[in-house]
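This report concerns only the one structure given below.
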Amino acid sequence: MIKLLDLMVTFSFCAGCSAFLLAQDAPLSAAPRAMSFLSNGVTAHRGNSGEFVENTIPAFVSGIELGVDWLELDIFRTKDGMLVVVHDKTTARVGDKELDVLEATFAELLSVDVATDFRRRTGKTLEECPRASIPLLEDVLQLVIKQDKTRVSLQPKMDCVADTIELVKRLGAERWVGFNDGNLQFMAEAKRLAPAVTIFWDRGPDTDIDADIQIATEHGFDSLVINHRGITAEKIQKIKAAGLEMGAWTVNDPAQMTNLLQMGVERIYTDEPRTLLKLKSANAQGRVDKEIICEGRYPKHLQGVCLTEERIYWSFTTTLVMTDLDGKLLKAIPVADHHGDLCYAAGKLYVAVNLGKFNDPNGNADSWVYVYDAVSLDELERCEIQEVFHGAGGIGVRDGHFFVVGGLPDTVEENNVYEYDDRLQFVKKHVIASGHTRMGIQTATFANNLWWFGCYGDPKILLVTDASFHLQGRFEFDCSLGIVGLPSGNMLVASGQCNPELGCNGTVRTAQPDRTHGLK
């Protein structure tokens, strides 16, 4: 699992790939890392503690891999002065023996198998859930600062705030760290010693919200996190009006999660972050049920779109655009001509790019995948994919692998799909018995256990295949400028127009799968 995390958070230097450096001639170590933390309102309570042993390295690794924006953990100081990550004052609840954390040395605590209770509750065997130990806070921080998507909120369970901040500063981890607890003294001390850190002030269900808002504002706290049993619409409105983030703890029931999200709660602490992320994604993408117009006009036409729970991304050939789910412009950057279709995976955008002659029978294309950070739009790397002989045009992702489509000369009656692994190493070529489509395939997405491919032409063509690229249907439907699957089972389809004087625009709308027409 650590290996998977390392792949996720470091640049890959595979054959044909080059990491993008701010100073092109500088060594990698000289390039400052762009910080681009996620902001999705999902706090993994004691890590992904629903699937892994709470407050352990595997639980934190899993939370990062899932894509939560914050992890949460608990801190005690041992008899020999070590800061350790454990929730209770004793090991009785989670372990195979009872030790008092404050009266034990770290070496003594390592003798406790803190996976004991997890195995009992989940019915897992020792082989399925190996022995686990209490980690040092330093080890968790070292893990977190290796990546730049997920931060960690520290909950001091005793008076150890000063020691904790001293460690955080020694590791240079301030940007990755926040604090949460209901103890006002602890939270005020954390803010005083490290003014830049985020403070989540935890409150009970019956708290005096007006007093809490005044105190939080005076101390410069960032968020009020209330026990979910005490949340009301009035409290939410007051907290937001005061400029504070509205959070809830600790919620594991999907129905309660949905209700709180609909009420306007911005952050939820949960032992089940996978469930919450899926719900937030479905809720956000479910909002895309009307025509959405991308704000602005751009020099060249739309080539593809993709979607996350918070944003829509639009590839306008020479401009990469990020909007919110209402189409409001958040950021636009100039890019190489030409950028084609794009897809999203693990916090990154992957764009099919052709720098040569597209659709050339002699294969004079120059095919690449450009990779961008999905929050900052910083370019991260470029990977050659010259196997795409007639030029890269479309790209989709399935099960961690990327599938690139592109040009098709006039005499060819089959379309090709080029498969790459998660490091963009070539795997194999697939063939679709599609008949000829003008200039091949321009857009691609995998949804509803099917592949959907948009093609140019007059009329424009939609190809649908199964997961193994066996043709299921060829339809007259235009999704050549972008197509994305939605959790509802519907599809998001893009269109656009260009005006010589005004430039080009883009629009997305929903379409329903239909056996007769492909989409309607």
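Values as computed for the structure displayed
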item: Lys146 open to solvent by 50 Å² or more (accessible area, probe 1.4 Å), basic (Lys, Arg) and touching a helix residue (DSSP H, G or I) at 6+ places or on another chain (Cβ under 8 Å); result: yes
item: Residue identified as touching a residue at least 60 places away in the same chain (Cβ under 8 Å), open to solvent by less than 10 Å² (accessible area, probe 1.4 Å) and part of a strand (DSSP E or B) among Ile64, Ile75; result: Ile75
item: The listed residue being in contact with a strand residue (DSSP E or B) (Cβ under 8 Å, 6 or more places away or on another chain) and either more than 19 Å from Glu419 (Cβ to Cβ) or open to solvent by 10 Å² or more (accessible area, probe 1.4 Å) (or both), out of Ala374, Ala392; result: Ala374
item: Total residues in the range 112-140, condition part of a loop (DSSP other than H, G, I, E, B) and open to solvent by less than 50 Å² (accessible area, probe 1.4 Å); result: 9
item: Strands (runs of 3 or more DSSP E) enclosed by the range 291-344 - at least 2 residues per element that are over 22 Å from Phe446 (Cα atoms) and modelled with pLDDT of 95 or more; result: 317-324
item: Qualifying residue in the range 316-324 (condition: open to solvent by 30 Å² or more (accessible area, probe 1.4 Å), more than 24 Å from Ile64 (Cβ to Cβ) and out of contact with any helix residue (DSSP H, G or I) (no Cβ under 9 Å at 6 or more places or on another chain)); result: yes
item: Residue list for the range 404-437, filter: buried (at least 18 other Cβ atoms within 10 Å of the Cβ) and more than 14 Å from Phe389 (Cβ to Cβ); result: Tyr420, Leu424, Ile432, Ser434, Thr437
item: Leading residue by the ranking (nearest to Cys160 (Cα to Cα)) among those in the range 86-111 that are in contact (Cβ under 8 Å) with a residue 40 or more places away in the chain and open to solvent by 40 Å² or more (accessible area, probe 1.4 Å); result: Leu102
item: Spans of strands (runs of 3 or more DSSP E) in the range 451-520 with at least 3 residues β-branched (Val, Ile, Thr), open to solvent by less than 60 Å² (accessible area, probe 1.4 Å) and at negative phi; result: 460-466, 507-511
item: Neighbours by Cβ (under 8 Å, 6+ apart or cross-chain): first from the range 504-515, acidic (Asp, Glu); second outside any strand (DSSP E or B) and open to solvent by 60 Å² or more (accessible area, probe 1.4 Å); result: Asp514/Lys520
item: Flag for Asn283 being in contact with a helix residue (DSSP H, G or I) (Cβ under 7 Å, 6 or more places away or on another chain), assigned to a helix (DSSP H, G or I), at pLDDT below 95 and surrounded by fewer than 21 Cβ atoms within 10 Å (Cβ to Cβ); result: yes
item: Selection from the range 38-83 of residues that are of a type outside the set (Asp, Glu) and under 11 Å from Val152 (Cα atoms); result: Thr43, Ala44, His45, Arg46, Gly47, Phe60, Gly63, Ile64, Val68, Trp70, Leu71, Leu73
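The values are calculated or read from the model by the stated rules, or taken from the named source; none is laboratory data. For clarity, every value in this text was computed on a predicted model and none was experimentally measured. A quick note on method: Cβ atoms are made from the backbone with ideal geometry, for glycine too, and the neighbour counts reach across all protein chains shown. Quick note on the areas: whole protein, heavy atoms, side chains included, nothing else; ligands and nucleic acids left out. Shrake-Rupley method; radii C 1.70, N 1.55, O 1.52, S 1.80 Å.
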